[in-house]
Structures are given as structure tokens and as C-alpha cells.
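This report concerns only the one structure given below.
Read the figures in this text as sums done on the coordinates, not as results from a lab. Just so we're clear, the structure is a prediction, and the values are computed from it rather than from any experiment. Cβ: placed from backbone, ideal geometry, glycine included. Neighbour counts: every protein chain shown.
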Amino acid sequence: MNPHVNELTYETIGAAIEVQRTLGPGLLESSYRECLCRELSLRGINFRRECGLPLQYKGVQLDCGYRIDILVDELVVVEIKCVRDLAPIHDAQLLTYLRLGGWKVGLLINFNVVVLKDGIHRRIL
């Protein structure tokens with residue numbers, strides 16, 4: 001695994017904590033995504049938002065409408081949620097995105113918590 005990935009996940013989590021500290025829980029996922037993108041920009045971290053993720057099926061590339069919330073420096077997938085509790089399906093979604101895109105590390109961040117560290121799952125494929 002690229003050693004830069006650990007630094008990126010650390011920086012991304014720090015940016016997410018700043019967003020949560022500023023906004024608190026209770027907003028829409030889209031609001032947190034845009035604010036996290038702004039925070040990443042302020043910190044000079046490269047990212048892409050709402051990246052299309054095509055699906056390869058039996059030798060054909062299909063556009064099924066999958067979108068990754070944020071891809072940090074082409075290495076770390078960030079999936080944002082605003083739910084009461086993270087469910088196993090949320091982890092499965094992140095792991096599927098990692099597998100389909102060929103990435104190794106992802107962050108599942110649930111902003112609908114009082115303390116953000118309770119809403120962060122780091123997953124390695």
C-alpha cells in the first residue's frame with residue numbers, strides 16, 4: 001500500500017472533523033460533501049467529487065449511475081452518510097466501490113453524530 005495513503009486518510013479525517021465541529025449534525029449529505037470539499041481545498045489536498053464509477057460486466061463497461069462522493073488524490077474513496085446509525089450495507093457499498101475502482105482504502109463518514117470519531121469507519125480492501 002502507498003505510504004501516502006495513511007497521511008491522506010489522516011488529513012481527510014482532520015478536514016471532516018473541522019466540518020463537523022463547524023456545522024454539527026443534522027444537515028443533508030450534499031451539504032457535508034460540499035463543505036468537506038471546501039475544507040480539502042483550503043488544506044491543499046487534491047480531490048475529485050462525485051466521480052462516476054462504471055461497472056464492468058462480462059467484458060462490457062456499463063454506466064449504472066454509481067458515483068463516489070469524494071476521491072482524495074486518486075487514492076482514498078470517501079463515502080458520506082447522514083444517517084442515525086451506519087448499517088452493514090453502508091460498509092458493503094464502500095467495499096464494493098473500492099473493489100470496482102481498484103482502490104485499497106476508503107473512509108465511510110457519518111456526519112449525523114455528536115462526536116465525529118464515532119461516525120468514521122476506515123476500510124481497507
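Sorted fewest first by neighbouring Cβ atoms within 10 angstrom, Leu42, Leu86 come out as Leu42, Leu86. The long axis of helix 29-42 is offset from the longest Cα principal axis of the chain by roughly 80 degrees.
Per-residue Cβ neighbour counts within 10 Å put Phe111, Phe47 in the sequence Phe47, Phe111, beginning with the fewest. When its C-alpha radius of gyration is set against 2.2 N^0.38 Å (N residues), the chain gives a value of 1.02.
Placing pseudo-labels 7 Å out from each Cα toward the beta carbon at Thr96 and Val83 gives an inter-label distance of 1.2 nm. Annotation: amide H of Lys81 within the under-5 Å range of Ile109, Asn110, Phe111, sequence separation 5 or more or interchain, hydrogens built in the peptide plane. Site pair Lys117 and Arg67 shows an inter-label distance of 3.3 nm when each label is modelled 7 Å from Cα along Cα→Cβ. Count the net charge of all other residues whose Cβ sits under 9 Å from the Cβ of Gly52, scoring Lys and Arg as +1 and Asp and Glu as -1. Its environment carries a net charge of -1. Each part gets one Cα centre, and for region 7-41 versus region 73-125 those centres are 13 Å apart.
Across Gly52, Gly65, Gly14, mean-square fluctuation computed from a Gaussian network of the chain (C-alpha pairs under 10 Å connected) peaks at Gly65.
Note on Leu125 and Glu74: their simple-model spin labels are 1.6 nm apart, each label 7 Å out from Cα toward Cβ.
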